[in-house]
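Take a look at the structure below.
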Amino acid sequence: MTESKTVVKLGRHGIIILFGLLMLYPVLWLLSSSFKPNALIFSSPGLWPAEFTLENYVNGWKGLQGISFSRFFLNSATISVLSVIGNIVTCSLAAYAFARLEFRFKSVLFACMLVTIMLPYHVLLIPQYIIFSKLDWVNTYLPLIVPKWLAHDSFFVLLMIQFIRGIPKELDESATIDGCGQGQLYFRIIIPLLVPALITTAIFTFIWSWDDFFSQMIYLSRINLFTVQLGIRSLYDPSGSSDWGALLAMSVLSLVPIMTIFMLFQKHFLEGIATTGLK
Amino acid sequence: MKTAHKSALWKNSGTAYLFLLPWLIGFFGLTLGPMLGSFYLSLTKYNLLNPPAWLGFGNYKHIFTADDYFTKSLGVTFKYVLFSVPLKMAFALLVAVALNKGIRALGIYRTVYYIPSLLGGSVAIAIVWRQIFDGEGLVNRFLSWFGIEGPAWIAHPSYILSTIVTLSIWQFGSAMVIFLAGIKQIPADLYEAAQVDGAGKLRQFGRITLPMLSPVIFFNLVMGIINSFQVFTPGYVIGDGRGGPVNSTLFYTLYLYLKGFSFFDMGYAAALAWIMLIIIGLFTSIVFITSKFWVFYGDGKDGR
């Protein structure tokens, strides 16, 4: 072991750490600024607040037009949780059929499913909006939740199909000999073994629904229905007269659920990305 | 025998279709139906209130011959895709390679580099980004320490797009995680053999790492193109939400949104969506076709 090797190693760690801090700076800036009094947010670039205050959080939580952020958080949570359940249940049902069952038109339907993965959302956007507005679903959460209950995110169906294909078929066969029907096979054999794929699906569905600004903006215009993303966007006035402290404080809070889920499921999360290429 | 098999298939089909039912409803009701509907609408003038009025290819004709915003928004989006996708992948690959060399505390580094990808899609981060790059913001203050006078990143039409591109590059973490997993799959003896043959690090990277990773690069490239064409939130929040300044943030999706949901010209917006579909299809097919020449699979089935 030579000294020069240690130096190279230290140097590399140094660069990686420095670059990592640079990467984290915007997030850290957001966090620290949310505790600074309004007047200091843009005048002091340092990360450590010279004056520490919780006022921003108190002010921000009041929300807008008398609707507080507790409402927005509850709304976002409702949408996200119901989306997660929908995706887990219906995608796994479809995946089981595609991976394990034989049926008419299977190959055609399978091809259709693969194609829908590549389909840009915007091609469906206008007609879907028209359908939902004819159903009088605009300004309800149904346009955001119902698609998840119809396995509309084919990506997750494919993810689960791939996973089920890795489960030995002998398990199914011996269970069938023991008298299990398809329903029992799905519930007793496949679902317990599918848990890692279900968790990956759940995590990503939650985060994507939580962050999904575009559809929320299109379908929700009543303030009492607003989600966290819409609430923050409304606090924000690009012309510069926003209450920055409140805005940044609520921004921090909007990231907390995502960070929490990430921390809890880090291993599953990063493995899920690595193996499936989810973004 | 054959009929027995057939009837069994039909019998099984019943159960299978039960499992498939939600997906089938979704496919016909939310994908296939809307696709056909969207194509029909693109041939009409429709504002939600009055019944669609048939135009034939009128919308398309107008888009291609008389719509400056179409050209403009396509240009903005192309520029974004052209810079964002390759740069993001280059960063991801570079950092993945740097992190791979048996480094300690890899888990922590990987997490740190991944966090931007995790949070970057939110409105909150887009707002932070706008403030950091603002004329009086932190980036310019930092530059001023070195005596550089930074431009008005947000207010100036020539710079705001690069600000949005930086935001997307900043989120290279997810691609990096995929690359890291790919690099781990490369057999170590390949490198050992190369070392014996006297190949340097750079040569090893070019001759082993890159070809062995080409399927992953291919995958990241296709997904990157599809996703980048659909970018919306960062442009909407960092710009003024109407494409300004001077149309420099008029992303294709934003133009489509404005046509459909501000002007309620649903038919026109549908036509824009179809053109977008064709453009994305074209780009991904080019990648697919050329992949024959640059994607290598370890099992000898090159280009498949």
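Just so you know, all these numbers are worked out from the coordinates, no wet-lab data involved. Note that the structure is predicted; figures quoted are calculated from it, not measured. Positions of Cβ are generated from backbone atoms using ideal geometry, with glycine treated the same way; all protein chains shown enter the neighbour counts.
If the cut-off is 18 Å between C-alpha atoms, which lysines fall inside it for A:Lys134, apart from same-chain ones fewer than 8 positions away? Straight-line reach from A:Lys134, under 18 Å: B:Lys45.
With 23 Å as the limit, write out which pairs from A:Lys267/B:Lys101; A:Lys36/A:Lys62; B:Lys88/B:Lys184; B:Lys201/B:Lys292 have Cα-Cα distances beyond it, or answer none. From the list (A:Lys267/B:Lys101; A:Lys36/A:Lys62; B:Lys88/B:Lys184; B:Lys201/B:Lys292), the Cα-Cα distance tops 23 Å for B:Lys201/B:Lys292.
Among the helices of chain B (complete DSSP H runs), which have Cα atoms covering no less than 24 Å along the helix axis and a Kyte-Doolittle mean of at least 1.0?
Details: long enough: B:2-26 (33 Å, 0.19); B:68-100 (48 Å, 1.15); B:210-229 (27 Å, 1.66); B:266-294 (41 Å, 1.77).
The qualifying helices are B:68-100, B:210-229, B:266-294.
Counting only alpha carbon atoms, the long axis of helix A:244-264 and the longest principal axis of chain A meet at about 40°.
Take the Cα gyration tensor of chain A, multiply each eigenvalue by 5, square-root it, and list the three semi-axes largest first, rounded to whole angstrom. Working shown, then result.
Values: eigenvalues 336, 176, 50 Å².
Computed over chain A, the values are 41, 30, 16 Å.
At a threshold of 8 angstrom on Cα-Cα distance, excluding pairs fewer than six apart, so keeping six or more, what relative contact order does the stretch B:168-304 reach in percent? If you can, show how the numbers build up before the last one.
Values: 93 pairs, mean separation 30.1, N = 137.
Computed over the stretch B:168-304, the figure is 22 percent.
What does the structure give for B:128-135 when I average, per residue, the other chain Cβ atoms found within 10 Å of the residue Cβ?
Working: counts 9, 2, 2, 10, 5, 0, 2, 0.
That average works out to 4.
A helix-only calculation puts the protein assembly as shown at -21500 deg cm²/dmol for mean residue ellipticity at 222 nm, using -39500 (n - 2.57) for each DSSP H run of at least four residues, averaged over all residues. Toward the positive end of the charge dipole of the protein assembly as shown, with +1 on the Cβ of Lys and Arg and -1 on the Cβ of Asp and Glu, the farthest Cα among A:Leu22, A:Ala246, B:Thr253 is that of B:Thr253. Once you reduce the stretch A:164-243 and the stretch B:121-138 to the center of their Cα atoms, the two points are 29 Å from each other.
Spin-label pair B:Asn12-A:Arg104: with each label point 7 Å from Cα along the Cα-Cβ axis, the two points sit 1.5 nm from one another.
Within the stretch A:1-100, report the GluC sites (Glu not before Pro) that DSSP leaves as loop and that have at most 13 other Cβ atoms within 10 Å. Spell out each step's value before the answer.
Details: sites: A:Glu3, A:Glu51, A:Glu55; in loops: A:Glu51.
Answer in residue order: A:Glu51.
In chain A, the longest principal axis of the Cα atoms and the axis of helix A:154-165 are about 50 degrees apart. Note on the stretch A:123-279: with charges restricted to the Cβ of Lys and Arg (+1) and Asp and Glu (-1), its dipole about the Cα centre is near 140 debye.
Placing +1 on the Cβ of each Lys and Arg and -1 on the Cβ of each Asp and Glu in the stretch A:82-223, which of A:Gln128, A:Phe103, A:Leu194 has its Cα farthest towards the positive end of the resulting dipole? Highest projection toward the positive end goes to A:Gln128.
The mean sequence separation of alpha-carbon pairs under 8 Å and at least six residues apart, normalised by the residue count of the stretch A:14-162, gives a relative contact order of 27 percent. Taking Cα atoms only, the orientation of helix A:195-211 departs from the longest principal axis of chain A by about 40 degrees.
How big is the charge dipole of the protein assembly as shown about its Cα centre, in debye rounded to the nearest 20, if each Lys and Arg gets +1 on its Cβ and each Asp and Glu gets -1 on its Cβ? Present the calculation step by step, with values, prior to reporting the outcome.
On the way: 40 positive and 27 negative charges, 197 e Å.
I would put it at about 940 debye.
With point charges of +1 on the Cβ of Lys and Arg and -1 on the Cβ of Asp and Glu, referenced to the Cα centre of the stretch A:150-237, which listed residue (A:Ile203, A:Ser234, A:Gln182) lies farthest in the positive direction of the dipole? The one lying farthest along the dipole's positive direction is A:Ser234.
If only the Cβ of Lys and Arg carry +1 and only the Cβ of Asp and Glu carry -1, the dipole of the stretch B:126-227 around its Cα centre is close to 100 debye. Across the stretch B:1-109, Cα pairs under 8 Å and at least six residues apart give a relative contact order of 10 percent.
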